[in-house]
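To keep things clear, I will list the structure first and then write my remarks on it.
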Amino acid sequence: MELHARKRIDIVLEAPVLKRLTDLLDRLDVTGYTVLPVLGGKGHHGVWSREGLPSTAGAMVSVTVIAAEENLDAVLEPVFALVKRHIGIVTVSDVAVLRADHF
């Protein structure tokens, strides 16, 4: 089985910003992304939990993008420009995919 190197971009940010992020990813011609709710965690400002939140105003989401390395900067720069104005983090890691034509 042949594996193909790609980059995985994980973006954790405030749920109210999600639509702006996905609109941006669509404009950048990202081939796809996955959105998951974040239930809680611990970071720079301490422990956080979604439990008991009355709305999505304080909620967080995680968005995962798989991209070819040659497209990485074209995606990261505008994504980080959006995320840095809000509560959130962006990480990049190396991954291997089986179907290169999907990314």
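The values are calculated or read from the model by the stated rules, or taken from the named source; none is laboratory data. These numbers come from a predicted model, not from an experiment. We place every Cβ from the backbone using ideal geometry, glycine too, and count neighbours over all the protein chains shown. Please note that ligands, DNA and RNA were not included when accessible areas were found on the heavy atoms of the full protein model with its side chains. Shrake-Rupley method; radii C 1.70, N 1.55, O 1.52, S 1.80 Å.
Summary of values
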| quantity | calculated |
| --- | --- |
| Single match in G52, G41 (criterion: at pLDDT below 95 and under 27 Å from V97 (Cβ atoms)) | G41 |
| Test: residue in region 21-29 that is under 24 Å from V95 (Cα atoms) and either at pLDDT below 95 or in a loop (DSSP other than H, G, I, E, B) (or both) | yes |
| Residues (open to solvent by less than 40 Å² (accessible area, probe 1.4 Å) and either among the aromatic types (F, W, Y) or over 14 Å from R27 (Cα atoms) (or both)) located in region 66-80 | I66, A67, A68, L72 |
| Subset tally (residues that are in contact with a strand residue (DSSP E or B) (Cβ under 9 Å, 6 or more places away or on another chain) and not in a strand (DSSP E or B)) for region 1-20 | 4 |
| Residue list for region 5-44, filter: in contact (Cβ under 8 Å) with a residue 40 or more places away in the chain, of a type outside the set (D, E), farther than 20 Å from A74 by Cα and open to solvent by 30 Å² or more (accessible area, probe 1.4 Å) | P16, G43 |
| Candidates V95, V75 - the one that is more than 13 Å from the chain's Cα centre (by Cα) and in contact (Cβ under 8 Å) with a residue 12 or more places away in the chain | V95 |
